[in-house]
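These notes are about the structure you will find just below.
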Amino acid sequence: MENLGDRWGRGLQYGEGLDEPDRAAVTTEAGSLTRAGFLAQVQSLSAVIDEFEQLGLKISRLHAASPTPDPTISETYRLACTVEDTIRVTLEQLLEQCDGMG
């Protein structure tokens, strides 16, 4: 987000909004998404990532509280971490694409 803030307005990093919020950020065959629209999508994804992190913590606590290691809990935790990592990588790739749009 820091690089995006450098290009779209330093205020973005400090909660002051972004420069040119109605400017196209992403254009595809289906249409375009403004900077403001893209930022709303990123914030929504950030909330999902936070939920995954909370889920991971709960699973980790369940595993720690279990008197014997439960492979189902361990596998569920591993899967949650994998999904979280995939979401993060996808978000970073999207941010890099928008960062390159100026």
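Could you work out how far helix 71-99 tilts from the main Cα principal axis of the chain, as a 0 to 90 degree angle to the nearest 10? On a 0 to 90 degree scale, this one is about 10.
Taking 0.36 nm per residue of separation and subtracting the Cα-Cα distance, full extension of the segment from ALA65 to ALA47 would add 3.8 nm.
Relative to the first principal axis of the alpha-carbon coordinates of the chain, what is the inclination of helix 35-65, with its axis defined by its Cα atoms, in degrees from 0 to 90 and to the nearest 10? Long axis of 35-65 versus the principal axis of the chain: about 10 degrees.
Rg then Dmax, both in Å and based on the Cα atoms of region 45-94: 12.3, 43.
A simple spin-label model places pseudo-atoms 7 Å from Cα toward Cβ; at LEU57 and THR90 they are separated by 2.4 nm. Taking SER44, SER66, SER32 in turn, the Gaussian network model of the chain (Cα-Cα springs below 10 Å) assigns the largest fluctuation to SER66.
Diffusion coefficient of the chain by Stokes-Einstein, Kirkwood radius over Cα pairs, 20 °C, 1.002 mPa s: 137 µm²/s. Which one, GLN97, THR76, PHE52, is farthest towards the positive end of the dipole of region 2-99 when Lys and Arg carry +1 and Asp and Glu -1 on their Cβ? Checked the options; the winner is THR76.
None of the figures in this text is laboratory data; all of them are computed from the coordinates on show. Since the model is a prediction, treat every value here as computed from it, not as a measurement. FYI the Cβ positions are ideal-geometry reconstructions off the backbone, even for glycines, and counts take in every protein chain you see.
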